[in-house]
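Report on one structure; see the data block that follows.
A short reminder: the numbers here are calculations on the coordinates, not readings from a lab. Computed from a predicted structure; not experimentally measured. Glycine gets a Cβ as well: all are built from the backbone with ideal geometry, and neighbour counts include every protein chain shown.
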């Protein structure tokens, strides 16, 4: 069955008159966009402007009087950046696939009226609030022989419990008629999930793929604790030593030689841009899935 | 319809799959870093991995901060003779360090490896996670062989508690008997006693190695724009100012529109460096307050409640409200004070005497000043007319031995520590290999340096990364060996400051460090410390509010804290003064 | 038309949970019939298989370490958690004994409330607004731009805020041009009265775009046929929003809301820690930042942080149960 666009067109054209509401709406949305772009533009500026010149223009610069690329050169010359990229990409891809697989299967299962559903739901929500803390966790990771491996960077993440619950609720909200008719045709649970439920949930799946990917991409805590060799460091840990150390260091008086070189603002900003860019580029690919509508027409057939 | 949606699912899965593929091509190898049985083997592998990419990095000629680690190190280690007697078995020890990726991969490390048959496996820590990692490691028993950390009085109770529970291997008198360098420290360093737990030593201090006249104070003072002081006509000979003259000078510079900001401070020193650090009200080790003995009663008291401290608070308030202290200093998180000085926006900042060489070089490069002498240390007396320096611990970090360390490894490490502070050890640590990097010579410094010399900055270009066995060896922030021909500005200025301090004009005094108070562990003291976090917060809160009676507000606060403070004072008085 | 109405009733409103599908809460009141139970388990065998990996991971990584909770009531010793002595609630007493803790607790709750009242609806409204933009390309571009700040860390944004709102910042310059008197005692960053608003609005600025994604996804999940039908009926923009869009995403809103209530005790450590300063502690200091300051400099027993976490989460969990019950009573599909 093909979507009949003729039905939509009259509606679209009728509303195509640009009313007062549209003007206010556009004005607001554009203004909000500008409010976001300006500081963002500033970050880019700092990365390419000599620190002294930027300081003289504090927050008032629209275009740099002088552009330097030294910060990017320095950033990319660091071997850790490259191994960091490699590790982060592996973690993000494997981790996101693993997270999504576990989440989808469990989310679908939870929509069923099996015995023990309520208990299992409770057991899933409970650890969202109660955890044993660092020491038993560290000992567990140690016992599992995961210390200083790349696996420790995504295996323990399992599922994000909130995402699981949201997806499960969404699955449950889909019309049962679809599923029932498939079941009459003798489809198994797996087939129903993959052929009916998932295609109808694409926007949501894209959303949570993105959410998971960004989570995995930004992760540093497990690596900080459990990775003991810098060659296994994800990108975020490489960057944290550049950016955050400066802040912690400045909060206390540190005499002596441990005081590391303070990275200039250029380097800080350029490394931030370097770390964000891949994720921001992934975004438009997934965006199409949650900006366009779906048709649940099959129920009528 | 289902077909259509199924196609979209397929497209979606395909996108994900393609992304996966791209990634997989990029770096499958790393996923195979499977858990190994011995930690040593694991870290070796890691070390090899870090090494690899660095060697094939393009030869760069950029003289920036990250000096190419590629040139000299790998190839030429001249010392090729077999390890000395007693060092036949190779030893590997793990240790946590800063900049782990830069450590242990140059000619200096190779030299040590050959000389002592000793290899270090470096585990990374950074400022943000150092203490957290140490805590986790010790609490789970998964420590490196050498535990290097930033032990301060405020957390000394943890060290004492861990030592009592057997987390470390103790040091004994025999450990130092045949090691003259270590023996000297063991006998003379004040902190050795403070670091003993029930009479046994569990942590070895890395001394600050200050010149004797500094008496373990570090050179903390204001550095200011001399050229601006001259421009407003208030410059004082030898940079000596009374507090009133100093205030007048800041105001004049601001009025003349030379600077946007008067005083700017690093976040840890704000706003105490303006008045309290340099005046009578006691602040120990540049903490905002500590406990001191009242000379009249012989009992411990809490400084923030004293008249002198209140006067300091009032002065700070007035200066902040008058704009002499830069208002947004309150929001500084990192090196904003440095940025403002280098951009020529601020007049003076605190505690940079030890880095004057690089600061002034950058300021000249940016066109902020014309010559190095335009920015230098000021000698400012406190509001009570005396010039104060603050004493600290005599060490900057400590290293403890894991409870599981092999006795032979311990011996080897101590041999290494003993050697690294000999003259030869210092030269290797600072400059590299004799014959390749430097030679003994008959000049004032006693050696010549063979590194490339940059005529523009009057400095040598080091082929090594900045780190140099910093852990477990003394900091040389005062007895730095200056290579012949390089810039000596910061050392000259520091010596001048200390000479003035020793001369007694202006009148000078030291705020002493009290190991007993600092290292005491007791229930309330462990919980509250010296309330310095609270005192700092309160002072900041109050100075930002216009039109308040600052003295009354401050006294109201100290009164409100009195019950809790008294609990700690009672502990100190009963445990330290019997 | 009737058909469409019916569809509206089923497909459209996840809210009408009771009406559709198996409600997880339903229980049979009949006496136990083992044969039937066995049959039912067998019927759902694949469902159990599907859940197994997830439950296993949750069990291993979340439940096994849970024995560590007892540390909240113990003084940790290196000999191990089991061997550590009980301490008669010392950690909780210590926590409550700090001057400033109650203030931090109060601030946490107030800031969370403000975030929920002001911040929570914003992404929903924004998503509806974006959805009303009819030019496909500008819709995409705008929505992409809105997500940018999510990728910036608070460390960085704090610096940007200082540059914008500080003494030399653009905001003060603009205000100076309007009325120099206001700029003279410019104090915005250190004004305790303004700080909570700064927190709420800067967080909205940063996260609203990211938050719209999930609502846009929910909107995308609404059957297009409904819009077509509405268009035929001549429904206007307002009616469309009220009768199709809102009912279409109300389920998502409800569950997000319940989860949000269940994290009341989290005030947003990263944001506050990076943007606050001492003069605004009075209104801005939250439990997490407070505890961080107390333990960073002085160190703390491993049990102390466990105790603080436990305290926070018991409250959170209670709030979650409450919110869940209320949402359920309102007829929305809930967590369980």
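Counting only other chain Cβ atoms within 10 Å of each residue's Cβ, the peptide B:538-549 averages 3.
How high is the FRET efficiency from residue B:293 to residue A:288, r the C-beta distance, R0 45 Å, rounded to 0.05?
Working: r = 73 Å, r/R0 = 1.62.
That pair, residue B:293 with residue A:288, gives E of 0.05.
Between residue A:183 and residue A:101, the simple spin-label model (points 7 angstrom out along Cα→Cβ) gives 2.7 nm. For the range C:133-168 versus the range C:181-221, the inter-centroid distance based on Cα atoms is 11 Å. Shape of the range B:131-257 from the C-alpha gyration tensor: prolate (a/c of 1.5 or more and a/b above b/c, with a ≥ b ≥ c the square roots of its eigenvalues). For the range C:62-126, a/c is not less than 1.5, where a ≥ b ≥ c are the root eigenvalues of the C-alpha gyration tensor, and a/b does not top b/c. That puts it in the oblate class.
Order these by the 10 Å Cβ neighbour count, fewest first: C:91, C:243.
Lowest to highest Cβ neighbour count: C:243, C:91.
Stretched out straight at 0.36 nm per residue, the stretch from residue C:43 to residue C:175 would grow longer than its current Cα-Cα span by 40.5 nm.
Restricting to Cα pairs below 8 Å that are 6+ residues apart, what does the relative contact order work out to for the range C:90-329? Please round to a whole percent. Could you put the intermediate results ahead of the total?
Numbers: 204 pairs, mean separation 81.8, N = 240.
After rounding, I find 34 percent.
Each of the peptides C:50-59, A:227-236, C:254-263, B:236-245 was scored by the mean count of other Cβ atoms within 10 Å over its residues; in descending order, highest first, they stand as A:227-236, C:254-263, C:50-59, B:236-245. Considering only C-alpha atoms, what is the centroid distance from the range C:283-336 to the range A:25-73, in Å? Computed from Cα coordinates, the inter-centre distance equals 38 Å. Calculated [222 nm] ellipticity per residue, helices only, for chain C: -19500 deg cm²/dmol; basis is -39500 (n - 2.57) per DSSP H run with n ≥ 4, divided by all residues, nearest 500.
As a footprinting exposure proxy, order C:266, B:101 by other Cβ within 10 Å, with the fewest listed first.
Details: C:266 18, B:101 27.
Ascending Cβ contact count within 10 Å gives the list C:266, B:101.
Could you tell me whether chain C comes out rounded, prolate or oblate from its Cα gyration tensor? Rule is a ≥ b ≥ c as square roots of the eigenvalues, rounded for a/c under 1.5, then prolate if a/b exceeds b/c, otherwise oblate. Since a/c reaches 1.5 but b/c is at least a/b, the shape of chain C is classed as oblate. Across peptide C:221-234, the mean count of Cβ atoms from other chains lying within 10 Å of each residue's own Cβ comes to 5. The order of A:92, B:488, going from fewest to most other C-beta atoms within 10 Å of their C-beta, is B:488, A:92. Between the C-alpha center of the range B:93-136 and that of the range A:97-120 there is a gap of 46 Å. Estimated from the Cβ-Cβ distance and a Förster radius of 35 angstrom, the FRET efficiency linking residue B:255 and residue C:269 is about 0.25. Once C-alpha pairs closer than 8 Å and six or more residues apart are averaged by separation and normalised to the residue number of the range A:72-297, the relative contact order reads 36 percent. With a Förster radius of 60 Å applied to the beta-carbon distance between residue B:440 and residue C:192, the computed FRET efficiency rounds to 0.40. Between residue C:282 and residue B:508, the distance separating the two model label sites (each 7 Å from Cα on the Cα→Cβ line) works out to 4.2 nm.
Between residue B:177 and residue B:454, the simple spin-label model (points 7 angstrom out along Cα→Cβ) gives 5.1 nm. Shielding value for C:286-294 is 1, the average number of Cβ atoms from other chains within 10 Å of each residue's Cβ.
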